[in-house]
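The next block holds one structure in the form of structure tokens; read it before the comments.
The values are calculated or read from the model by the stated rules, or taken from the named source; none is laboratory data. Please read these numbers as outputs of a predicted model, since none were measured by experiment. Cβ sites come from the backbone with ideal geometry, for glycine too, and all protein chains shown count toward neighbours.
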Amino acid sequence: MPGPKANVDAADDPDDGDDGVRIDMISGARMEGLTSMEKIRLILDGVREGNIVILEEGLSPDEESKLIEVTMTEISPDDFTGIEIETYPKAEAGDQSFLDKLMGRESTQKLTVIGPANRIETLHKDENLISTLVSRK
Amino acid sequence: MGLLTNLRDSISRVTDGLFAADEPKRIGIYGPPNAGKTTLANRIARDWTGDAVGPESHIPHETRRARRKENVEIERNGRTVTIDIVDTPGVTTKVDYKEFLDHDMEKDDAVRRSREATEGVAEAMHWLREDVDGVIYVLDSTTDPFTQVNTMLIGIIESQDLPALILANKTDLPGSDVQQIANAFPQHETIPLSALEGDNMDEVYTKIAEYFG
């Protein structure tokens, strides 16, 4: 089964090598039906192409752990040095509904920015603002 | 049937608890690179077993394999707590061999070190999901704790319901700011220490016994 792609149509995919930085903003709805590994593949495929991936609803802690693990296995000298990832700090548990707490459901809704480690640099981060510098190459 | 099931579950929990009490708990020492994890692991191991766990270094990713020191018996308040210490590589989301070149390393050595480091971090993440019963999270109190790796790792530890003790290390250095770490993770208790100098280790051992005993 082919893996999910952030970009739908190759014709919409300009040569992003020289002129700019491509940003894929992926909605929560698009991620909803994917397995953990499909989400990680979707993110890493985009990042390894040099894109910035923004997730509307982020990943669960378990998925974040697997993302780090898979990223480590893909790092190779002079090719891919890993990822930079930023999210707002975790929302307080008080934001969860009583039913969510009872059922052990975690709220993972947190905007997440992921990019190639050699192209994205975090300038500032606090509870309300993530400021990043993205270089072209 | 419900009553019998509940009774059986209760008995099972009690017997499991009795047997589990005899098993050493595996306590993972986690944190970012260069926080002083191996220095702490060595300090604990030397204090209670006389042996070290592994070499320490100021070069990042000196520890590239999780190392275990088994059956470390810590005595506190008349009782003994037995733990296995697992010293893990510093967790990061990126490894670039070029950073090692700044430490007077040849390219081949730097590439090999970075490859081993990536394998070690992947292994550490796997340990965290599968193989540890508690976490000692070590932070360098002279650096900003509000990093994504720290936020993610604490989130992962909390999601696994693992008991976690946060240690603000390197209090012997001039720029140490323990309060900044306490502010970053207010849901956890923060214990200051200098693993290098052995400062405040009494409190660290008391807390280890309390959290993991």
*Please enumerate the residues belonging to the range B:117-146 that are modelled with pLDDT under 90 and over 28 Å from A:Ser76 (Cβ atoms).*
B:Phe146
_Quick check on the range B:70-80: of everything there that is surrounded by fewer than 21 Cβ atoms within 10 Å (Cβ to Cβ) and not acidic (Asp, Glu), which residue is nearest to B:Glu23 (Cα to Cα)?_
B:Asn71
*With respect to B:Tyr211, determine if the residue is hydroxyl-bearing (Ser, Thr, Tyr) and closer than 30 Å to A:Lys66 by Cα.*
yes
*Identify, please: which residue in the range A:81-100 is farther than 17 Å from B:Glu158 by Cα and either at the interface with chain B (Cβ under 8 Å from one of its Cβ atoms) or in contact with a helix residue (DSSP H, G or I) (Cβ under 6 Å, 6 or more places away or on another chain) (or both) and is, among those, modelled with the lowest pLDDT?*
A:Glu86
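Considering only residues that are under 27 Å from B:Gly213 (Cβ atoms) and in contact with a helix residue (DSSP H, G or I) (Cβ under 8 Å, 6 or more places away or on another chain), look in the range B:57-70 and name the one that is modelled with the lowest pLDDT.
B:Thr63
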*Consider only pairs whose beta carbons are under 8 Å apart and that are at least six residues apart or on different chains; among these, list those whose first residue lies in the range B:135-162 and is closer than 17 Å to B:Ser194 by Cβ and whose second residue is crowded, with 20+ Cβ neighbours inside 10 Å and of a type in the set (Lys, Arg).*
B:Val138/B:Lys37; B:Asp140/B:Lys170; B:Ser141/B:Lys170; B:Thr142/B:Lys170
